[in-house]
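Engineer: One structure coming up, written as structure tokens, with questions to follow.
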Amino acid sequence: MDRAREACAVRDAWLAHGLSAHSAERAEAEDAVRELYRLIDAPAPRFTWVDSPSAGLELVRTDPAFGPVRLHTGVLPDRAEGWSPPSRLATLQSELRDRLESSVRGPDRYGWSLRPLKPEPDWEQLRSTAPREALAAGASLDRVLWVAVRDALRGSLGDAVRAPVRSALRTDSPDPLTWWGQHDASWVGHYDACARIGHGWFAAGDLAQLGLWARLARSTGWWWAGEGRCVMAERPAAVHTEPAPGAVHGEIRLHHDDGPAVRFRDGSGVYVLHGARVPGWVVTGPTVERIHAETNVEVRRAAIERIGWDAYIEQAGLRLVGTADDPGNPGFRLRLYDVPRELWGRSARLLLTVNGSVEPDGRRRQYALGVPAFLDDPVAAAGWSYGLSGEQYGRLRRRT
């Protein structure tokens, strides 16, 4: 258990690096990049610093120094003609990660570890179980580290932070290859934790190279490697998060209801509510008119929840079809409203209900469900949302 506890402490330190809003440590970051360029036998680049990833992309998208990337699957080419620094660095990192993965005993689903003497908890159970309890239940350290460190960092920094920022910037191909700096902690942290607790067998050269990527993850934001030039982005000026629902291994997600969840130093930012990226207007000025013009159902729902379902229903002038006690949630009422075709682009009805389970803050969230326009009975509408008839839903003891 001491090794698992130590690994989780390392995980938490890397999560903090990945969420850091301190200014970049420019000298440290530049020195690490120079060392990486030396490993690919390329001249040291000159550096250009910008205040955000969007500003960095504006530079590299039009600069021929940041050409297309090719990934070599064999030995890193030595001064191969036509192989740009981004291609060489991509190969360098890819091969390092392959070797690091081979150095760590991975989960038995990949055939890298011996079968346990007794059945282990399944993966879903491990994700909802603290390391101490998982080990006591017979889980191997391999599996505990995979879930509590690797998956937790990847989910928090890769899926919950980097992905919304990347989506907002539309940095998909053919954009030049981006290295994620502090968000590379999502993979660096796992191998660093394994090395620190002695879990695996790592070559000295691999640990040295891992140290370079770790230095970058501790010191800078996103960056782009080019022929003789690197563009380096500062870390964000502010990052707002909340615990992910049911988090057991320190997982977080972005959330801020008063402004951008991630704000950069040039004023650009990304708006996220409870982990879902939304347009800025959803946070700064949701109105019924904007809601009805929105085609994305999830964005529309988030905007309505910002102004409140009761306020939206009143402002939109929805007609009440009927009300009834909720058989699946005693003490609460169901309300069914008619939604005119011109509002949502189709005829529908809206069932306003209250969540059967309690939120972390002790409240029960009010929410609405779209149901077919032919339903006139609120209980039948509630049953339809569960794939039940109104009579079947009425016999429920309590829903969740």
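Engineer: Assign unit charges at the C-beta atoms only (+1 for Lys and Arg, -1 for Asp and Glu), then state the dipole size of the chain relative to its Cα centre in Debye, rounded to the nearest 20.
Structural biologist: The calculation lands at about 540 debye.
Engineer: Rg/Rh for the stretch 2-237: what does it come to with C-alpha atoms and Rh from Kirkwood?
Structural biologist: 1.00
Engineer: What is the spread of the Cα atoms of the stretch 142-190 along each of their three principal axes, largest first, in whole Å?
Structural biologist: 37, 16, 16
Engineer: Kirkwood Rh and Cα-based Rg: tell me the resulting Rg over Rh for the chain, rounded to two decimals.
Structural biologist: 1.05
Engineer: Only bridges with both residues in the chain count here: give the DSSP antiparallel percent, nearest 5.
Structural biologist: Here the antiparallel bridges make up roughly 85 percent for the chain.
Engineer: A further question follows. Which value, in nm² and rounded to one decimal, describes the direction-averaged projected area of the C-alpha convex hull of the stretch 318-393?
Structural biologist: Answer in nm², one decimal: 5.4.
Engineer: Hey, another quick one. Which angle between 0 and 90 degrees, to the nearest 10, do you get for helix 26-39 versus the longest principal axis of the chain when only C-alpha atoms count?
Structural biologist: Tilt of helix 26-39: around 60 degrees.
Engineer: Mind checking Rg over Rh on the stretch 229-292, alpha carbons, Kirkwood formula for Rh?
Structural biologist: 1.08
Engineer: Let me know the charge dipole size of the stretch 318-393 about its Cα centre in debye, to the nearest 20, where only the beta-carbon of Lys, Arg (+1) and Asp, Glu (-1) is charged.
Structural biologist: In debye, rounded to 20, the stretch 318-393 gives about 240.
Engineer: Moving on. Report, to the nearest 10°, how far helix 185-196 tilts away from the longest principal axis of the Cα atoms in the chain, using its own Cα long axis and a range of 0 to 90°.
Structural biologist: Result, in degrees: 60.
Engineer: Next up: If I fit a long axis through the Cα atoms of helix 85-103 and take the longest principal axis of the Cα atoms of the chain, what angle between them do I get, 0 to 90°, rounded to 10?
Structural biologist: Roughly 80 degrees, rounded to the nearest 10.
Engineer: Per residue of the chain, what 222 nm ellipticity follows from adding -39500 (n - 2.57) for every DSSP H run with n ≥ 4, rounded to the nearest 500?
Structural biologist: Estimated from H runs of four or more residues: -11000 deg cm²/dmol.
Engineer: Same structure, new question: Say we join alpha carbon atoms closer than 10 Å with springs in a Gaussian network model of the chain; which of PRO330, PRO164, PRO121 then has the biggest fluctuation?
Structural biologist: Of PRO330, PRO164, PRO121, the Gaussian network model singles out PRO330 as fluctuating most.
Every read-out reported here was derived from the displayed coordinates using simple, explicitly stated rules and does not represent laboratory data. Everything numeric in this text was worked out from a predicted model, so none of it was measured. Cβ: placed from backbone, ideal geometry, glycine included. Neighbour counts: every protein chain shown.
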